[in-house]
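Bear in mind that the values in this text are calculations on the coordinates, not laboratory data. All values derive from a computational prediction rather than experimental measurement. Virtual Cβ from ideal backbone geometry, glycine too; neighbours counted across all protein chains shown.
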Amino acid sequence: MELTPAAFYPQNIDQQRILVIGNQRSRIVKFITGILEANHRPYNHFADGKLTQMAAAPVTIIESTVSNEALFYKHHVVLVSPGETELAKLGELFDSTSKSGMIVYPEKETAIKTLATKERADVQTLPYKTIPHEVKDGKIFLVSSTDEKFPIKLSAATDLVLLAAAKELVRKIGVSSSQFYKAASTLE
């Protein structure tokens, strides 16, 4: 279904709206949706004016640039990928986060962290950084908080940061750590 950003909100008013922004948004969304699919969790996906709907999906994942259009989505959660440079617009977008909402941001990016952690009524902030991992015999293993190791197919350092962002987000929408690690091993 094709929608303008202004027409999007009325169509998705009953879903939790998760906005993923920044230069690497598509890669993060690929990780998020892959994890949700592996755990049989329904979701809607909105990108480039197209809404892909699943039956009874409680969540809509929105891919967008940092722009005035992004304000139309009335997001509950915003996840920003590393490297975002539209800081003035980003601050405005963070300020528009719904009450009881959340801002997920790359911890190492000082300018984004400053904007994200600004005092806002009833909005949580959640930083992310490179996911714990180790390399053994040329293979990468994710390391859980219980020191359990999970082999993954990903190898780029950037993917390990983006995977950490996806982990924080899916954890907040009900995917357990064990479900995450099992699903992450299937991502490519």
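Think of each Lys and Arg Cβ as +1 and each Asp and Glu Cβ as -1; about the Cα centre, that makes the dipole of the chain roughly 300 debye. Straight-line cross-link partners of LYS118 among the lysines, defined as a Cα under 20 Å from its Cα and at least 8 positions apart when in the same chain: LYS74, LYS89, LYS99, LYS108, LYS129. Taking a ≥ b ≥ c as the square roots of the eigenvalues of the Cα gyration tensor of the stretch 128-180, is the shape rounded (a/c under 1.5), prolate (a/b larger than b/c) or oblate? Because a/c hits 1.5 or more and a/b fails to exceed b/c, the stretch 128-180 counts as oblate.
Remark: the chain projects, on average over all directions, an area of 10.4 nm² (convex hull of Cα atoms). Mean separation of Cα pairs under 8 Å and 6 or more residues apart, divided by the residue count, gives the chain a relative contact order of 21 percent.
In terms of its C-alpha gyration tensor, the stretch 2-57 comes out oblate, because a/c is 1.5 or above while a/b does not outweigh b/c. Backbone phi angles across the stretch 65-77, fed through the Karplus curve with coefficients 6.51, -1.76 and 1.60 (θ = phi - 60°), yield HN-Hα couplings of 7, 7, 7, 4, 4, 4, 5, 5, 6, 6, 5, 8, 10 Hz in residue order; Gly and Pro are listed as x.
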